[in-house]
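Peer 1: Pasting a structure below so you can have a look.
The values are calculated or read from the model by the stated rules, or taken from the named source; none is laboratory data. These numbers come from a predicted model, not from an experiment. Neighbour counts run over all protein chains shown; Cβ positions are idealised from the backbone, glycine included.
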Amino acid sequence: MSIIKRFASTKLQQFVIFMLATLLTTHIVLAHDGKHKADNIAKPERVLGHLTFATSSHSKEAQDAFEQGMLLLHLFEYPFAIAEFKKAQSIDSHFAMAYWGEAMAYNYPIWDMQFRDKAQNALNAFAPTIEQRQAKLKTKKEKDYFKSLDILYGLANSDTSKYQRDMAYKHFLSEMAQRYPGDVEVQLFYALAILGSHGGVRDIPDYMEAAAIAQKGFYANRQHPGAAHYLIHAVDDPIHAPLGLEAARALYKMAPDAGHSLHMTSHIFNALGMWDDVVMANTNAVKVANHMRAERGEPASHVGHYNFWLLYGLLQQGNFAQAKQLLETAYEEITHLAKPPKAPMILDPDSDPVGSLLQMWSRYVFETGGTDTEVLNWTFNLQDAFDPNLNLLYVKAFMAKDPERIRALKKQYKELVAKLRRTIMTLPEKEMFFLEYLKRTEVIEQQLEAFEQRAKGNLAAAIASATKASELEGAMPYEFGPPFVDYPSAQLLGELNLIQGNYADAAAAFAEALKRARNKVQAVKGLAQARDAMGQQLK
């Protein structure tokens, strides 16, 4: 996520809109090369990997466009994939799988989002009813592919929820995978269906099943972008990420012209604490995104998903000067816009420039310990946006020294969470991510209590609250990317124990923090300090 929205006002769709606005077809080279062809590129040509997808089409030109669309589909470059599928349709209006491909491109499984009406329109362009479509199809496999879409979009039963459709689709794809065990495309779509059935919330057993399928596909064709891509999604957590490192390196080489693939590899680098690679990957992602903006006559942007990950990588490198320069440029850009977030902008900073800036700002404050007073004094036009306002209260409580001030901020935080909960409960379908976000707020409420007790000088009570926060956070599924809770609770617990002189407990807490976020600099330093103190006690 690692992180989009199902409705215009929800997390998944707004994030998708941002991501789609940052895609560009330009050549890049390996993230660890330190060079980027986008710096002096002329007219780009797409290099996206290689796959073979047999169809009943008799037109080579239409088949080529279809396979280009399939490469883009596997890389989540949805608008570009749709363009290629429509091109195939225009060449061969009877090309069944070109219509299927377009309909598939209206489903974003990892981001828990789909456009049912657009998908149905694409299928209706081939034939207006399920029965008529089945009658026109020439092979059993193509009939199965179309039937899978009838299930995915609920075309035979529109009363089913998205969750029910996703689960039924996964079940049907599992049957297809058994019927066509040697077909890499069928197997990969089954792997993707497994991942998509959890709405972006990590389920380790299912994710490992998807990883095994994708890994088999990757070893069968190391030029298949979908195999590498889905393997990365399945293993981008600190424990399993080593399984995706080869795929991440390969994805850079095989699909340099898909903007999403640039950033996607940093999911593995981040999970492994490979900060130089995180920085290089997202530096290049930002470059291609801004080249795209330049082609449209738009100025460069210094906020958004790639810039947030870039900022975090720079902070972990200890490159505070460059991180601050990026943040200042972002602040100038957003201040110049002078626009508030799109209310209520539910839980997705990436969907809005102001929200993205606040996310970057709060991460900078936490990672630098709030030592930059100039940055701390910035103001933001947030209005009624949930996530930015929650983050702002969180940061203010982190920085406050007066327990009365922290208590007041804690009260505001709880009131805003209650309002958020009521808003979520009014949504027709409650995304799994929303429920996980509410668990995040429970963690932070325990942290706010720890902040207040620390300000009172009651370290024992602060440690008790931090312990509860760490337990709650540890029970949550891992969220890819920078820590989901900005101030990791195990790190906070370690720091409080250090102050109290509980060095063994501090060392244990920092070790736990490093299990959850490999090579995180503050936890590395804290663990070393705790162990040094333990050594001094033994002398």
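Peer 1: Restricting region 290-319 to residues that are over 16 Å from Val279 (Cβ atoms) and of a type in the set (A, V, I, L, M, F, W, C), which is modelled with the lowest pLDDT?
Peer 2: Ranking the candidates gives Met292 first.
Peer 1: Against the condition touching a Phe, Trp or Tyr at 6+ places or on another chain (Cβ under 7 Å), under 27 Å from Phe269 (Cβ atoms) and either modelled with pLDDT of 95 or more or not in a loop (DSSP other than H, G, I, E, B) (or both), how does Gln322 come out, does it pass?
Peer 2: Values: touching a Phe, Trp or Tyr at 6+ places or on another chain (Cβ under 7 Å): no; under 27 Å from Phe269 (Cβ atoms): yes; either modelled with pLDDT of 95 or more or not in a loop (DSSP other than H, G, I, E, B) (or both): yes.
In short, no.
Peer 1: Continuing with the same structure: Here's a check for you: in region 309-368, which residue that is of a type in the set (Phe, Trp, Tyr) and more than 18 Å from Asn282 (Cα to Cα) is surrounded by the most Cβ atoms within 10 Å (Cβ to Cβ)? Talk me through it step by step, then tell me what you get.
Peer 2: Step one: list which residues in region 309-368 are of a type in the set (Phe, Trp, Tyr), which gives 309, 312, 320, 331, 361, 364, 366.
Now drop any that are not more than 18 Å from Asn282 (Cα to Cα), which leaves 331, 366.
Details: Tyr331: 19, Phe366: 23.
Checked region 309-368; the qualifying residue surrounded by the most Cβ atoms within 10 Å (Cβ to Cβ) is Phe366.
Peer 1: Would you mention how many residues in region 229-249 are modelled with pLDDT of 95 or more, surrounded by fewer than 24 Cβ atoms within 10 Å (Cβ to Cβ) and assigned to a helix (DSSP H, G or I)?
Peer 2: The number of residues fulfilling the criteria is 5.
Peer 1: The conditions are (1) hydrophobic (A, V, I, L, M, F, W, C); (2) within 26 Å of the chain's Cα centre (by Cα); (3) surrounded by fewer than 18 Cβ atoms within 10 Å (Cβ to Cβ), and Ala135 fails exactly one of them. Which is it?
Peer 2: (2)
Peer 1: Just to verify a result, which residue in region 60-92, among those that are charged (D, E, K, R) and not in a helix (DSSP H, G or I), is surrounded by the most Cβ atoms within 10 Å (Cβ to Cβ)?
Peer 2: Step one: filter region 60-92 for residues charged (D, E, K, R), giving 60-61, 64, 67, 77, 84, 86-87, 92.
Now narrow it down to the ones that are not in a helix (DSSP H, G or I): 77, 92.
Values: Glu77: 29, Asp92: 18.
That would be Glu77.
Peer 1: Please determine whether any residue of region 292-303 is more than 18 Å from Leu245 (Cα to Cα) and surrounded by 23 or more Cβ atoms within 10 Å (Cβ to Cβ). Show your work before the answer.
Peer 2: Here is the first cut: in region 292-303, the ones more than 18 Å from Leu245 (Cα to Cα) are 292-303.
Of the ones still in play, those that are also surrounded by 23 or more Cβ atoms within 10 Å (Cβ to Cβ) are 302-303.
Checked region 292-303: at least one residue is more than 18 Å from Leu245 (Cα to Cα) and surrounded by 23 or more Cβ atoms within 10 Å (Cβ to Cβ).
Peer 1: Would you be able to tell me the number of residues in region 65-83 that are modelled with pLDDT under 95 and more than 15 Å from Gly226 (Cα to Cα)?
Peer 2: Qualifying residue count for the region: 3.
Peer 1: Next up: For Ser261, work out the one condition from (1) small (Gly, Ala, Ser); (2) surrounded by fewer than 24 Cβ atoms within 10 Å (Cβ to Cβ); (3) in a helix (DSSP H, G or I) it doesn't fulfil.
Peer 2: Every listed condition holds for Ser261 apart from (2).
Residue-by-condition table, conditions (1) modelled with pLDDT of 95 or more; (2) in a loop (DSSP other than H, G, I, E, B):
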position: Glu415; (1), (2): yes, no
position: Arg422; (1), (2): no, no
position: Leu427; (1), (2): no, yes
position: Leu435; (1), (2): no, no
position: Gln447; (1), (2): yes, no
position: Glu452; (1), (2): yes, no
position: Ile463; (1), (2): yes, no
position: Glu471; (1), (2): yes, no
position: Glu479; (1), (2): no, yes
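Peer 1: Could you please let me know if Tyr207 is crowded, with 16+ Cβ neighbours inside 10 Å and either among the aliphatic types (A, V, I, L, M) or not in a loop (DSSP other than H, G, I, E, B) (or both)? Give the derivation first.
Peer 2: On the way: crowded, with 16+ Cβ neighbours inside 10 Å: yes; either among the aliphatic types (A, V, I, L, M) or not in a loop (DSSP other than H, G, I, E, B) (or both): yes.
The answer is yes for Tyr207.
Peer 1: Here is a further query. Here is a check on your reading of the model: is His267 of a type outside the set (D, E, K, R), closer than 20 Å to Ile232 by Cα and in contact with an Asp or Glu (Cβ under 6 Å, 6 or more places away or on another chain)? Spell out the reasoning first.
Peer 2: Details: of a type outside the set (D, E, K, R): yes; closer than 20 Å to Ile232 by Cα: yes; in contact with an Asp or Glu (Cβ under 6 Å, 6 or more places away or on another chain): yes.
Yes: the conditions hold for His267.
Peer 1: How many residues, within region 500-539, are assigned to a helix (DSSP H, G or I), of a type in the set (S, T, N, Q) and either surrounded by fewer than 16 Cβ atoms within 10 Å (Cβ to Cβ) or over 26 Å from the mean Cα position of the chain (by Cα) (or both)?
Peer 2: 4
Peer 1: Moving on. Run down Phe95, Phe115 and say which single residue is crowded, with 24+ Cβ neighbours inside 10 Å and within 24 Å of Leu75 (Cβ to Cβ).
Peer 2: Numbers: Phe115 fails: crowded, with 24+ Cβ neighbours inside 10 Å.
Testing whether each residue is crowded, with 24+ Cβ neighbours inside 10 Å and within 24 Å of Leu75 (Cβ to Cβ) leaves just Phe95.
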